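One structure is given below, encoded as structure tokens.
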Amino acid sequence: MGITGSICKLPAIALVLILCGCVGLGTLGMMLSTVPAIGAFLERASGKYDSIFPEITIRAGQASVREKQPYVLDRLREKDLLIMVDTREGKQSEALNHLKEVPSGAVLTRDTLVIKNQGEIRILPLKNMPDMVINSESLQTAVRDYMPTFSHWAAVALLFYFLVVKPAQVLILGTIPYFAAKAYSVSLSYGNALKIASVAMAGPVILDFLLDVSGVRLPGQFVVYFVAYIGILILAARDLVRNSGFSPEPDGVIRPQ
């Protein structure tokens with residue numbers, strides 16, 4: 001019968017369980033590899049705030065800084081980008097003049113944040129902003145406070161992503177053993193081809209998971225995943241052809257048992 005023939009004899013519930021396992025491992029692997037890295041990056045970035053930007057205090061919808069103004073951030077070394085703070089009383093109208101000579105930029109005034117992007121200017125009032133002090137310490141505290149919430153929603157988003165992607169991969173790549181069997185006049189239903197594709201997915205998913213949790217990132221890991229997946233499917237189709245004496249279920253329908 002061969003290994004592939006045995007896979008075709010699996011009940012439909014096995015296909016569902018394998019897919020759920022692949023979805024779960026994919027989600028967990030991405031969570032363990034990306035979320036801590038994002039948190040660490042945000043902590044590092046917020047820790048550098050004080051060396052780049054002035055401390056900004058917002059009280060009752062009005063911003064203020066201690067540095068000499070207008071404060072122009074020139075460390076970005078981007079001639080087409082202007083970042084400026086000018087919270088002096090009576091200077092709010094000058095924000096638009098500051099932005100005229102550049103295609104993009106942002107100017108913080110006493111009561112507004114003026115942003116210019118690709119020639120379009122948006123003015124955001126500060127009146128609804130809560131009272132806060134923006135510096136490295138406050139930003140790092142915010143990162144720590146909001147990371148659990150971010151992690152929760154990231155897990156939900158990744159779960160929905162893999163719930164779509166993994167079944168789609170099975171549906172598409174299941175055509176490899178199906179058409180390979182057709183080419184050699186071996187009887188194989190599309191339903192049984194999906195069973196083969198589901199089992200074949202387990203290997204690449206486990207490999208991906210182990211690489212994620214170990215912190216090893218291969219160049220072109222996405223390609224490695226699909227090369228491994230397709231390679232296993234080709235081997236499965238070869239095994240099926242070699243053991244072509246096997247007769248799959250006559251109607252080829254996936255039935256729960």
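Observations
- Figure legend. Inter-residue proximity from the range 162-182: first residues in contact (Cβ under 8 Å) with a residue 60 or more places away in the chain and in the same structural domain as Met30 (by TED's automatic domain parsing), second residues of a type in the set (Val, Ile, Thr) and loosely packed, with under 15 Cβ neighbours inside 10 Å, beta-carbon distance below 9 Å, spacing 6+ or different chains. Indicated pairs: Leu173/Ile230; Ile176/Ile230; Ile176/Ile234; Pro177/Ile234; Ala180/Ile234.
- Scanning the range 146-202 for residues being more than 29 Å from Met30 (Cα to Cα), crowded, with 22+ Cβ neighbours inside 10 Å and small (Gly, Ala, Ser) gives a total of 1.
- Flag for Phe226 being within 17 Å of Leu25 (Cβ to Cβ), assigned by TED's automatic domain parsing to the domain that holds Val16 and touching a residue at least 12 places away in the same chain (Cβ under 8 Å): yes
The values are calculated or read from the model by the stated rules, or taken from the named source; none is laboratory data. Just so it is clear, the structure is predicted and the values come from calculations on it, not from any experiment. Quick reminder, even Gly has a Cβ in these numbers, built from the backbone with ideal geometry, and neighbours come from all protein chains shown.
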